[in-house]
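Novice: Once you've had a glance at the structure underneath, I'll fire off some questions.
The values are calculated or read from the model by the stated rules, or taken from the named source; none is laboratory data. Note that this is a predicted model, so its numbers are computed, not measured. Quick reminder, even Gly has a Cβ in these numbers, built from the backbone with ideal geometry, and neighbours come from all protein chains shown.
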């Protein structure tokens, strides 16, 4: 609230503000209802404020207890801050620690993002195959009525980071997603995937929004036109941040993405990993968009064709830094939209 009001610039110039995040949080389903009206109120009185929004379900994965959501409460943070596996396992086995964790888990008031429902957390991989496909709550029930917290911590001690699970924290209601996608005080942009390589992958959220728009149009429930959705993902953001991008105009630098609408299908939501050599082969969560991207042009040079990087990538510099508030003056001649078209 205070940051939104500061955008008004009372006693000083107006402050352009983009704030994390507009999300339909399971733990607080009413919070999202005030975000659009709050932005509208501030902007009507001269502010320049937007919420950032991820227009897809916020699904996260975790290896054992390694997930940022546990920093929300003291007992979770205590385990995360121990990088030594022996010390961490010793802490998690401690009965006093488990009771603190359970107390934090059952606390229903105060700010939080995680819904704290271990029945809403699916195990997707584990050396003990009998628990795969179940929630921690179900595992506890199968083990004689064990509390979900104890079922979770037992599995963490037994299997460590080989225990992989997932849950959806927010943006789980399609009707609310459609409302937020139309809200002028909300802009597309929040992902955070690049900061959590093993936990989430939302790199293709723009394509997933386009798929949602197309599918709802076909079902007779249009909430945005395709043109509006494309503008929200491109020109609207460029205009807000005052950078020379996001529009197709004769003479503009030819930075283009050519999308094949027929390939906007369930493949956009599939789970994939790719190793990161710089991080010792760490398997990073990624998105695959096979068939959905016909071409990507940067500065008029084709850098991706039919989903495959061209020889230009890594051999030539095609893009450059875009400074806010100025038209781009390229260091070398680039082709414009008129040249390409």
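Novice: Please state which of the following conditions residue 44 fails to meet, knowing it meets all the rest: (1) surrounded by fewer than 15 Cβ atoms within 10 Å (Cβ to Cβ); (2) under 30 Å from residue 16 (Cβ atoms); (3) in contact (Cβ under 8 Å) with a residue 12 or more places away in the chain.
Specialist: So the condition that residue 44 fails would be (3).
Novice: Let me ask something else about it. Check 50, 100 and return the single one that is surrounded by 15 or more Cβ atoms within 10 Å (Cβ to Cβ), outside the structural domain of residue 271 (by TED's automatic domain parsing), in contact (Cβ under 8 Å) with a residue 60 or more places away in the chain and in contact with a helix residue (DSSP H, G or I) (Cβ under 7 Å, 6 or more places away or on another chain).
Specialist: Just a single option satisfies the conditions, and that option is 50.
Novice: Hey, does region 277-290 have a residue that's touching a strand residue (DSSP E or B) at 6+ places or on another chain (Cβ under 8 Å), without any contact (Cβ under 8 Å) to a residue 24 or more places away in the chain and either surrounded by 12 or more Cβ atoms within 10 Å (Cβ to Cβ) or more than 26 Å from residue 209 (Cβ to Cβ) (or both)?
Specialist: Yes.
Novice: Report, by residue number, each residue of region 314-329 that is surrounded by fewer than 15 Cβ atoms within 10 Å (Cβ to Cβ), without any contact (Cβ under 8 Å) to a residue 60 or more places away in the chain and either in contact with a strand residue (DSSP E or B) (Cβ under 8 Å, 6 or more places away or on another chain) or not in a loop (DSSP other than H, G, I, E, B) (or both). Give the steps one after another, and end with the answer.
Specialist: Here is the first cut: in region 314-329, the ones surrounded by fewer than 15 Cβ atoms within 10 Å (Cβ to Cβ) are 314-317, 319, 321, 323-327, 329.
Pick out the ones that are also without any contact (Cβ under 8 Å) to a residue 60 or more places away in the chain and you get 314-317, 321, 329.
Within region 314-329, 316 is the sole residue that qualifies.
Novice: Quick one: count up the residues across region 240-276 that are within 21 Å of the chain's Cα centre (by Cα), loosely packed, with under 15 Cβ neighbours inside 10 Å and closer than 27 Å to residue 317 by Cα.
Specialist: Total satisfying the criteria: 3.
Novice: Looking for whichever is within 18 Å of residue 203 (Cα to Cα) and modelled with pLDDT under 95 here; the options are 313, 250, 308, 286. Which one fits?
Specialist: Just one listed residue meets the conditions, 308.
Novice: Please work out which one of (1) surrounded by 14 or more Cβ atoms within 10 Å (Cβ to Cβ); (2) free of Cβ contacts under 8 Å to residues at least 40 places away in the same chain; (3) not in a helix (DSSP H, G or I) is the condition residue 220 fails and give its number.
Specialist: (1)
Novice: Regarding region 69-81, can at least one residue be identified that is within 30 Å of residue 187 (Cα to Cα), surrounded by fewer than 19 Cβ atoms within 10 Å (Cβ to Cβ), at pLDDT below 90 and under 22 Å from the mean Cα position of the chain (by Cα)?
Specialist: No, region 69-81 has no match at all.
Novice: Does residue 201 satisfy being surrounded by 17 or more Cβ atoms within 10 Å (Cβ to Cβ), in contact with a helix residue (DSSP H, G or I) (Cβ under 6 Å, 6 or more places away or on another chain) and part of a loop (DSSP other than H, G, I, E, B)? Even if it seems obvious, please write down each step before you answer.
Specialist: Details: surrounded by 17 or more Cβ atoms within 10 Å (Cβ to Cβ): yes; in contact with a helix residue (DSSP H, G or I) (Cβ under 6 Å, 6 or more places away or on another chain): yes; part of a loop (DSSP other than H, G, I, E, B): yes.
Spelling it out, residue 201 is indeed surrounded by 17 or more Cβ atoms within 10 Å (Cβ to Cβ), in contact with a helix residue (DSSP H, G or I) (Cβ under 6 Å, 6 or more places away or on another chain) and part of a loop (DSSP other than H, G, I, E, B).
Novice: Turning to a different aspect of this structure: Taking helices (runs of 4 or more DSSP H) that do not extend beyond region 83-195, which have at least 1 residues that are touching a strand residue (DSSP E or B) at 6+ places or on another chain (Cβ under 9 Å)?
Specialist: Those helices (runs of 4 or more DSSP H) span 136-142, 148-159, 174-182.
Novice: Let me ask something additional. When the residues of region 1-34 are filtered to those that are over 23 Å from residue 117 (Cβ atoms) and buried (at least 20 other Cβ atoms within 10 Å of the Cβ), which remaining residue is modelled with the highest pLDDT?
Specialist: Looking at residues that are over 23 Å from residue 117 (Cβ atoms) and buried (at least 20 other Cβ atoms within 10 Å of the Cβ), I get 7.
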